[in-house]
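Report on the structure given below.
The values are calculated or read from the model by the stated rules, or taken from the named source; none is laboratory data. Quick caveat, the model's predicted, so the values are computed rather than measured. Cβ sites come from the backbone with ideal geometry, for glycine too, and all protein chains shown count toward neighbours.
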């Protein structure tokens, strides 16, 4: 395993074609602070920009995934206008003032060019759970606990979770969890669709790695990247015709590539595929289709 990047609160490692982003404040149960906000976004810049990375796993160091916001500022923790209790981070720009830091993280994960798998190894509360919502697949340890605790802290759901959570588990479950703010076990997260599966602690990362490796070794990286964006962005389309338009353009664009030839020939020849195209270098001209482009 190779270390791709070491930030103050996050470590990025590469094993084969799978990168692991590890939250690394174990003495604080990986509590989220301003530095972690920037470190996570920087970590995804690293994985997006590295063509050797074909899938990403996100987990936590120590016994927690992320215990939520760092509450060391006490009652002023969420008072963003208090400069004494909440000093301005040196990287904070004027354009970012007033924006929810957790939302900046979830939006960056949403924009990831590579598939993201959450390996939730312990407590995931507040931003600790909302940051997992834009991940594509979530697995949990039997020691994991989840809590959308915002109403119990006198605030409201953050990190764009009012958009993500109802889409993941349905609006009724989302409201129940957010109204009550209670902390619930991995078994409930599984039964209500928040996580794919629950594993013993020692089995969690191997299970996540098995999923990530299958994606990385068997599927064309550019096709996976495009599929990720197609699925997420069609959640708000008002008619299936919108999906048909995008499907048609991207099938045409990908159909003439060496990847498409390799996908067919490796199947016919009954051998492992070797897709030549890489992310981000070989993304088609049609990407990103959701912005204003002359061809639309």
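When 168, 195 are checked against the criterion of being in contact with a strand residue (DSSP E or B) (Cβ under 9 Å, 6 or more places away or on another chain), on the phi < 0 side of the Ramachandran plot, crowded, with 17+ Cβ neighbours inside 10 Å and assigned to a loop (DSSP other than H, G, I, E, B), 195 stands alone in meeting it. Looking at (1) under 18 Å from residue 62 (Cβ atoms); (2) surrounded by fewer than 23 Cβ atoms within 10 Å (Cβ to Cβ), which is the only condition residue 230 fails? Among (1) under 18 Å from residue 62 (Cβ atoms); (2) surrounded by fewer than 23 Cβ atoms within 10 Å (Cβ to Cβ), the lone unmet condition for residue 230 is (1).
The rows are residues; the columns are (1) modelled with pLDDT under 95; (2) surrounded by 16 or more Cβ atoms within 10 Å (Cβ to Cβ); (3) touching a helix residue (DSSP H, G or I) at 6+ places or on another chain (Cβ under 9 Å).
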| residue | (1), (2), (3) |
| --- | --- |
| 23 | no, yes, yes |
| 34 | yes, yes, yes |
| 49 | no, no, no |
| 55 | no, yes, yes |
| 64 | no, yes, yes |
| 70 | yes, yes, yes |
| 98 | yes, no, no |
| 115 | no, yes, yes |
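Residue 204 meets the stated requirement of being surrounded by 18 or more Cβ atoms within 10 Å (Cβ to Cβ) and in contact (Cβ under 8 Å) with a residue 60 or more places away in the chain.
Among the residues of segment 142-157, write down those that are in contact with a strand residue (DSSP E or B) (Cβ under 9 Å, 6 or more places away or on another chain) and either surrounded by 23 or more Cβ atoms within 10 Å (Cβ to Cβ) or part of a loop (DSSP other than H, G, I, E, B) (or both). Listed by number, the residues that qualify are 142, 144, 146, 148, 149.
Reported count of residues in segment 273-296, each being over 19 Å from residue 231 (Cβ atoms) and either in a helix (DSSP H, G or I) or at pLDDT below 95 (or both), is 6. Residues in segment 233-268 that are in a loop (DSSP other than H, G, I, E, B) and surrounded by 10 or more Cβ atoms within 10 Å (Cβ to Cβ): 237, 256, 257.
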